[in-house]
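*Asks:* I am attaching a structure below and will ask some questions about it afterwards.
The values are calculated or read from the model by the stated rules, or taken from the named source; none is laboratory data. Keep in mind that what you see is a predicted model, and the values were worked out from it rather than measured. Because the Cβ atoms are built from the backbone with ideal geometry, glycine has one as well, and the counts that use them run over all protein chains shown.
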Amino acid sequence: SWSALDSPLVGRSASVLQRMDHRSVSSVTIPPPACMLRPLEVPMRYLFGPGPSNVPPRVLASGSRPIIGHLHPEMYEIMNDIKKGIQYAFQTENNMTISMSGSGHAAMECAVFNVVEPGESVLVAVNGIWGERVAEIAERMGANVHTMVKAPGGYYTKEEIEQAIEKHKPVLFFLTHGESSAGLCHPVDGIGDICRKHNCLFLVDTVASLGAAPIFMDKQKIDILYTGSQKALNAPPGTAPISFNDRACYKMFNRKTKPISYLFDMTHLSNYWGCDGNTVRAYHHTGPVSGFFALRESLAILAEKGLEESWRKHKEVSAYLYKGLEDLGLKLFIPDRDLRLPSVTTIAIPEGYDWREMLGYIMKHHQMEMTGGLGPSIGMVMRIGLMGYNCEKTNADKALHALADALKNCKKSKA
Ligand code: PMP
């Protein structure tokens, strides 16, 4: 075992030790990395995948405003504006409406961590990756997780949901509104009533659908709703709006145990966002100041344009894209047009083609991102996202042109 007497320093004179000591704190042994001496380079790309999406110049500019303190009164005012913008986008009057300092996953974890206690039953509808992810999050925090599983693109009838709720008696039921891995927009009407009847909270993910397809948090009796910033909202990634109604607040503020996460604890976050009725906002964490500026600007654009117009535009441009894809001989993955997610369109991988090669070709020759499947839809689909700022027929034409070029040049037999 190690002993101080074995140290190579034992027996050295005081002055040598002093010199060594001085050297050990002042001399840099790891030089500045060469990459850091080169300027930042960021290519211009068409982000026509499932997100992040291209960000309008106005939103980019808002993120470059001077930093102010996260606890300055001006910042509180900006956060209050964000809260109002989210209430409009979600169509809710919920007071407990905030933005997470983090991506969509932060909102997913915040929802589950705050309303579920270890050992409680949670029911998750899985029809793509997002249900799988929420099931894993709930399992990690010790919930008793039950899943209803369908292949990507599948959806659940109200009868199937009610039967599963009756069987598992969950405190929380999770559904993805815009299943971006499959391109499905799940019907929501009536499910909130079923959840209320069985004393269960209804949690809905709208990361990929908010602003692109209608959602009405209050009218549809959704107890917890969240989204992300980087899709149809067109803000940079890194903030995630979330809202809890009174039923959800009652559950989360009457727990026996503390939530496992300090950062995501709504007792603190509700104070930070001025939602707890307390006039003093205490320090909890340092919010992403520039990210909040950009989120505010993107919500302002949505408010100016109007939700109905945003929904109409996504429907119009996606219909135009479907027609162009079918003209190219491609097959839409979701057969029922009414169930297609207007922000992210999925196509079946064309026979005789390698999807990775096609996507690589499109990136190389058109500087355009489209993506393959995700989780259970890998190898089943290719995904084209035209959201918010990118949701224009001219962009659909660009995407169709790139796909036509890839179809011409990537046929497997030619490789
Ligand atoms: N839910 C859905 C439906 C999504 O599309 C995404 C992002 N692709 C997420 C959740 C996770 O969001 P983030 O990547 O911002 O953490």
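*Asks:* Would you point out which residue out of 261, 270, 290 is outside any strand (DSSP E or B) and either touching a Cys at 6+ places or on another chain (Cβ under 6 Å) or surrounded by 19 or more Cβ atoms within 10 Å (Cβ to Cβ) (or both)?
*Replies:* 270
*Asks:* Let me ask you something else. When you go through 123, 71 one by one, which is the residue that is more than 20 Å from residue 226 (Cα to Cα) and away from the ligand (no atom under 13 Å from the Cβ)?
*Replies:* 71
*Asks:* Check residue 223 against each of (1) farther than 23 Å from residue 344 by Cα; (2) within 16 Å of the ligand (Cβ to nearest atom); (3) surrounded by 24 or more Cβ atoms within 10 Å (Cβ to Cβ) and name the one condition it does not meet.
*Replies:* So the condition that residue 223 fails would be (2).
*Asks:* Run residue 295 past the list (1) in contact with a Gly (Cβ under 7 Å, 6 or more places away or on another chain); (2) within 16 Å of the ligand (Cβ to nearest atom); (3) not acidic (Asp, Glu) and report the number of the one that doesn't hold.
*Replies:* The number of the failed condition is (1).
*Asks:* Would you pick out the residues in segment 188-212 that are assigned to a loop (DSSP other than H, G, I, E, B) and within 12 Å of the ligand (Cβ to nearest atom)?
*Replies:* 206, 207, 208, 209, 210, 212 - these are the residues of segment 188-212 that are assigned to a loop (DSSP other than H, G, I, E, B) and within 12 Å of the ligand (Cβ to nearest atom).
*Asks:* Can you tell me which of 238, 178, 183, 190 is buried (at least 24 other Cβ atoms within 10 Å of the Cβ), on the phi > 0 side of the Ramachandran plot and at pLDDT 95 or above?
*Replies:* Criteria check complete, one pass: 183.
*Asks:* Does any residue in segment 92-120 that is farther than 22 Å from residue 216 by Cα come within less than 8 Å, Cβ to Cβ, of a residue that is acidic (Asp, Glu) and surrounded by fewer than 24 Cβ atoms within 10 Å (Cβ to Cβ) six or more places away or on a different chain, and which pairs are these?
*Replies:* Pairs that qualify, where the first residue is farther than 22 Å from residue 216 by Cα and the partner is acidic (Asp, Glu) and surrounded by fewer than 24 Cβ atoms within 10 Å (Cβ to Cβ), are 113/265; 114/265.
*Asks:* Follow-up. Within segment 46-83, which residues are of a type in the set (D, E, K, R), under 21 Å from residue 277 (Cβ atoms) and either touching a residue at least 12 places away in the same chain (Cβ under 8 Å) or assigned to a loop (DSSP other than H, G, I, E, B) (or both)?
*Replies:* Of everything in segment 46-83, those that are of a type in the set (D, E, K, R), under 21 Å from residue 277 (Cβ atoms) and either touching a residue at least 12 places away in the same chain (Cβ under 8 Å) or assigned to a loop (DSSP other than H, G, I, E, B) (or both) turn out to be 81, 83.
*Asks:* Note down all Cβ pairs under 7 Å where the first residue falls in segment 202-217 and is within 14 Å of residue 94 (Cβ to Cβ), the second is among the aliphatic types (A, V, I, L, M) and surrounded by 24 or more Cβ atoms within 10 Å (Cβ to Cβ), and they're at least six residues apart or on different chains.
*Replies:* The qualifying pairs are 202/222; 203/111; 203/172; 203/224; 204/175; 204/222; 204/225; 217/225.
*Asks:* Among the residues of segment 157-183 satisfying the criterion of being within 14 Å of residue 336 (Cβ to Cβ) and either out of contact with any helix residue (DSSP H, G or I) (no Cβ under 6 Å at 6 or more places or on another chain) or charged (D, E, K, R) (or both), which is nearest to the ligand (Cβ to nearest atom)?
*Replies:* The qualifying residue nearest to the ligand (Cβ to nearest atom) is 179.
*Asks:* Going residue by residue through segment 325-338, is there one that turns out to be of a type in the set (Gly, Ala, Ser), at pLDDT 95 or above and either surrounded by fewer than 22 Cβ atoms within 10 Å (Cβ to Cβ) or assigned to a loop (DSSP other than H, G, I, E, B) (or both)?
*Replies:* yes
*Asks:* Follow-up. Consider only pairs whose beta carbons are under 9 Å apart and that are at least six residues apart or on different chains; among these, list those whose first residue lies in segment 173-186 and is free of Cβ contacts under 8 Å to residues at least 40 places away in the same chain and whose second residue is more than 8 Å from the ligand (Cβ to nearest atom) and not in a loop (DSSP other than H, G, I, E, B).
*Replies:* Going by the 9 Å Cβ cut-off, the qualifying pairs are 177/185; 177/204; 177/225.
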